[in-house]
Amino acid sequence: MIQMKFQTKFAVLGAAALVITVGTGPVQAAIDIDAAQALFKSNDCTKCHAVDKTKKGPPLTKIAAKFKGKADGQSNVLKQMTEGKKVKLADGTEQDHKVIDTKDQKDMKNLADWILSH
Ligand code: HEC
């Protein structure tokens, strides 16, 4: 009988540990890759940005590396998508950066996180 009680106790402890482990996982929400890619394509970002090749703009891997580990990485990427600041293209010409055509913060943040995941 005593043996059984012990086992039950351990089972309960085990379950509690599992809940704690899951509960303290990364705070960041999982990235919806499909949604990010769709938004990236529909906004013609792909005209100037590829994953690892320089087009008119820097590749995503380079952008991600630039902001890696920086607390303001996401907000910098969001600014780039929304402020339309002047940028220099790879061919030397200048133009205002593309402004993303969504006002949905969740979609924009998802796209920013996807860019930064490269
Ligand atoms: C006409 C070409 C062009 C298009 C279209 C374009 N970009 Fe860019 N983008 C650039 C260039 C050029 C730079 C480099 C700017 C610099 O280094 O100052 C850049 C830089 C960036 C950066 C890095 C900013 C930084 O501080 O290093 C991000 C993020 C970015 N673009 C996201 C996007 C997204 C998202 C889209 C689509 C909504 C997009 N771009 C569409 C040309 C473009």
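The values are calculated or read from the model by the stated rules, or taken from the named source; none is laboratory data. What you see is a predicted model, and the numbers here were worked out from it, not measured in a lab. Neighbour counts run over all protein chains shown; Cβ positions are idealised from the backbone, glycine included. Each accessible area value is taken on the protein alone, full model and side chains, heavy atoms only, with ligands, DNA and RNA left out. Shrake-Rupley method; radii C 1.70, N 1.55, O 1.52, S 1.80 Å.
Could you give the accessible area per residue of segment 31-116, probe 1.4 Å, as a whole number in Å²? Present the calculation step by step, with values, prior to reporting the outcome.
Values: 5540 Å² over 86 residues.
Here the residues of segment 31-116 average 64 Å² of exposed surface.
Hey, which lysines would be in cross-link range of LYS47, C-alpha to C-alpha under 20 Å, not counting anything within fewer than 8 residues on its own chain?
LYS55, LYS56, LYS62, LYS79, LYS85, LYS86, LYS88, LYS98
Suppose R0 equals 22 Å; then what is the FRET efficiency for LYS53 and GLU94 from their Cβ-Cβ distance, rounded to the nearest 0.05?
Details: r = 21 Å, r/R0 = 0.97.
Computed FRET efficiency for LYS53 and GLU94: 0.55.
For a test of the definition: using alpha carbon positions, the gyration tensor, and the 1.5 limit on a/c, classify segment 31-116 as rounded, prolate or oblate. Walk me through the numbers before you get to the answer.
Working: a/c = 1.38, a/b = 1.26, b/c = 1.09.
Rounded.
From the phi of every residue in segment 71-83, what ³J(HN,Hα) in whole Hz does the Karplus formula 6.51 cos²θ - 1.76 cosθ + 1.60 yield, where θ is phi - 60° and glycine or proline is x?
Each residue's phi maps through the Karplus curve to give 4, 9, x, 4, 5, 5, 5, 4, 4, 4, 7, 10, 8 Hz.
Using 0.36 nm per residue, how much length does the chain from ILE33 to LYS86 gain when fully extended, once their Cα-Cα distance is taken away?
Full extension from ILE33 to LYS86 adds 16.3 nm.
Could you grab the relative contact order for segment 31-116? Cα pairs under 8 Å, six or more apart, rounded to a whole percent. Before the final figure, lay out the partial values.
Working: 101 pairs, mean separation 30.8, N = 86.
Normalised by residue count, the contact order of segment 31-116 is 36 percent.
When the solvent-accessible surface of protein heavy atoms is calculated with a 1.4 angstrom probe, in what order do PHE67, PHE40 fall, highest first? Each step should come with its number before you reach the end.
Values: PHE67 35, PHE40 10 Å².
The residues order as PHE67, PHE40, largest area first.
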